[in-house]
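Input: a single structure, listed below in structure tokens.
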Amino acid sequence: MDVLNTLNAELVAKFGPLGPLYAVGLLGMLLILVVLPTMLRKRPEPFDKLKAMRAHVPAKAQGPTLRRGDKVDKLEKFANFLEPQNEEQMTASRLKMVRAGYTAKNAVRMFHFAQFSLGISLLLLGLLYTFLMSQKGEVSTNFKLLATIIPGAAGYYLPQYWVQRRLQTRQQQIVQGFPDALDLMLVCVEAGQSLDQSINRMAKETRAGYPALADELDIVSNEVKAGKERVQVLKDLSERINIPDISSFVTTLVQSATYGTSIGEALRVYSAEMRDKRVMRAEEKANTLPTKLTLGTMMFTVPPLMIILIGPSVMGISKVLSMGAAH
């Protein structure tokens, strides 16, 4: 602490009241300049050789291009800086964005760009605010640091909070609409439709009330139409949504397809179980209401009641005491 106080005094003596803030900003810029070349260093990709070989082939020999790059994506050249370079981290980040409902190709890139831009912007706003406050009067060093670091940290973690909140809301919406979708699927299967047709009908009928569930069912339907194995599609659905009810449903369908049992019977038993679980969730929320209301009652009802009951007595006692002191 003595060393920090001495250094702070020297900085204030040389550069004025903003000397410590200048030192912190210069140190941050130096760290960014040291780390930035390492992060921007482009690693060789496995398909670089293939791209180079393709570039030398005439355009007529290449044939029609089936997939084109996204020309609207302005962040492509900063991909090495805005995306995790580790395969496991990239997979985890992409899966988290998909669970939150962001299925675009550059969703991870936009997420990290939002973190970087908001963090830097709010950090600069904090520096500006600290500078303006220091012009009006002397400001302590702790206030300067807090007014600079807290906005930057808030801007950095705000996109993460937004994605996590979106993920929780989306999962809650899927859980609420899943029992109704199961009942509809059971009706479709018992009416003679196949599993794929039932999933398509579920996606259409649940679009108005539960769009998140409808989007996931559309993905399942499209993957099956594209020729992907149904068991793998269902397992991907379970991993993508990450809800225990969906995982149990996928396990039920996979076991029915593996052992050749009736899908209608399995759906009838599972849909009844889902309805019971929905009633149990509603009862659980209802049972927690008295506990939550108790705290509000104690905070907003008991103090006014005590003032009304005890207030006149306190006023009377104070008058008697003041009269006795006068005599």
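Bear in mind that the values in this text are calculations on the coordinates, not laboratory data. Quantities reported herein were computed from a predicted structural model and do not represent experimental measurements. Glycine also receives a Cβ, built like all others from the backbone with ideal geometry; neighbour counts cover every protein chain displayed.
Considering only alpha-carbon pairs that sit under 8 angstrom and 6 or more positions apart, the relative contact order computed for the stretch 171-283 is 29 percent. For the residue pairs 105/277; 96/285; 105/144; 235/292; 228/285; 96/292, alpha carbon separations beyond 30 Å are given by 105/277; 105/144; 235/292; 228/285; 96/292. With R₀ set to 30 Å, the beta-carbon distance separating residue 286 from residue 121 gives a calculated FRET efficiency near 0.10. In a simple Cβ point-charge model (Lys, Arg +1; Asp, Glu -1; nothing else charged), the stretch 171-283 has a dipole of about 80 debye relative to its Cα centre.
Shown in residue order for the stretch 219-232 are the 3J(HN,Hα) couplings computed by the Karplus curve 6.51 cos²θ - 1.76 cosθ + 1.60 at θ = phi - 60°: 4, 4, 4, 5, 5, 5, 5, 6, x, 6, 5, 5, 4, 5 Hz (x for Gly and Pro). For an R0 of 22 angstrom, estimate the FRET efficiency from the Cβ-Cβ distance between residue 91 and residue 247 and round to the nearest 0.05. For R0 = 22 Å, the calculated efficiency reads 0.70.
If the chain linking residue 268 and residue 307 were pulled fully straight, counting 0.36 nm for each residue of separation and taking away their Cα-Cα distance, it would gain 8.1 nm. Label zone (residue 231, point 7 Å along Cα-to-C-beta; backbone nitrogen cut-off 14 Å) within the stretch 237-258: 251-258.
Go ahead and run the numbers for FRET between residue 294 and residue 172, Cβ-Cβ distance against an R0 of 22 Å, rounding to 0.05. My answer for the efficiency is 0.30.
Projected onto planes of every orientation and averaged, the convex hull of the alpha-carbon atoms in the stretch 143-194 covers 4.8 nm². The GluC sites (Glu not before Pro) of the stretch 215-280 that meet both conditions, a loop assignment by DSSP and at most 13 other Cβ atoms within 10 Å of the site Cβ, are 229.
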